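Report on the following structure.
The values are calculated or read from the model by the stated rules, or taken from the named source; none is laboratory data. In this text the structure is predicted, and so the values were computed from the model without any measurement. Heads up, the Cβs are rebuilt from the backbone with ideal geometry, glycines too, and the neighbour counts pull from every protein chain shown. For accessibility, only protein heavy atoms count, side chains too; no ligands or nucleic acids. Shrake-Rupley method; radii C 1.70, N 1.55, O 1.52, S 1.80 Å.
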Amino acid sequence: MTALVEVKGLDKVFGGVHAVEAVNFSVEAGKVYSVIGPNGAGKTTLLNLITGLYTPTKGEIRLAGESTARLTSNQLAERGMCRTFQHMQVCMNMTAIENVMLGLHLRFNSGLLATLFRLPSMRRNEALARERAAQLMEYVGCGDYLASEASAMSYGALKRLELARALAVDPKVILLDEPAAGLNATETAALEELIRKIAEQGVTVILVEHDMKLVMGISDQLLVLNYGRVLAEGTPEQISQNPDVIAAYLGG
């Protein structure tokens, strides 16, 4: 099967220090691919490189066969790549549904004149965006907050709201940076079920996460980073039995 995301010879140097070095991997469509490793291993840097927030020092990233070298984060989103962040990016001065509607701007763009003069096309697109945002909130389990301010939502619900906004771009691949951070056991179990549901619908998931129970239970493949380099790659069973991984990360 052709890879949806391909990373070849990827390096990122900050002030002479390799944050990511000689990283190679590929992810097939519809799979859950997790990136794990100790703090400072380069996991978030890798996500920032893939999503266009950082420019690689060396190497190549391809999305559906197309080089991403000259593409901005917005252009990558237009091509079906989106992400969530380790620190939530929720607009607390907006309603929950308005936050999700922000993610729909790429699909419902009426243009400047339509917006300024409130033309029928703009009002129609706004109604469609609100309807779609409500559907996405129901999908991720935030349906009880349709009329709520974001500031009134629980932490776990805000995490799911971020996922709804990311899904609003109708992604081919979604990158999740520590989505279970700060969640209790019940919320983490619900998150695992949601990620599995997203993948079953054909969306590729690239997951950075420290919760090893979640990672091992949901991943098709894992990449282990250590000091910016690939320590191991394989299935959950292979990784859990890898002596290098056990020594460096799992605490053996």
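In table form, for the structure just shown:
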| quantity | calculated |
| --- | --- |
| Meets criteria (at pLDDT below 85 and under 30 Å from Leu46 (Cα atoms)) for Leu112 | no |
| Identity of the residue in region 57-77, open to solvent by 50 Å² or more (accessible area, probe 1.4 Å) and in contact (Cβ under 8 Å) with a residue 40 or more places away in the chain, that ends up nearest to Thr2 (Cα to Cα) | Ala64 |
| Residues located in region 166-194, provided they are without any contact (Cβ under 8 Å) to a residue 60 or more places away in the chain and outside any loop (DSSP other than H, G, I, E, B) | Ala185, Thr186, Glu187, Thr188, Ala189, Ala190, Leu191, Glu192, Glu193, Leu194 |
| Residue within region 87-103 that is of a type in the set (A, V, I, L, M, F, W, C), modelled with pLDDT under 95, open to solvent by 70 Å² or more (accessible area, probe 1.4 Å) and assigned to a helix (DSSP H, G or I) present | yes |
| Criterion (touching a Pro at 6+ places or on another chain (Cβ under 8 Å) and either in contact (Cβ under 8 Å) with a residue 40 or more places away in the chain or not in a helix (DSSP H, G or I) (or both)) met by exactly one of Leu4, Leu10 | Leu10 |
| Subset of region 197-252 (residues that are β-branched (Val, Ile, Thr) and open to solvent by 40 Å² or more (accessible area, probe 1.4 Å)) | Val230, Thr235, Ile246 |
| Residue identified as closer than 30 Å to Gly16 by Cβ and acidic (Asp, Glu) among Glu60, Glu98 | Glu60 |
| Residue match in region 215-234 (condition: touching a Pro at 6+ places or on another chain (Cβ under 9 Å), over 30 Å from Gly16 (Cβ atoms) and without any contact (Cβ under 8 Å) to a residue 60 or more places away in the chain) | yes |
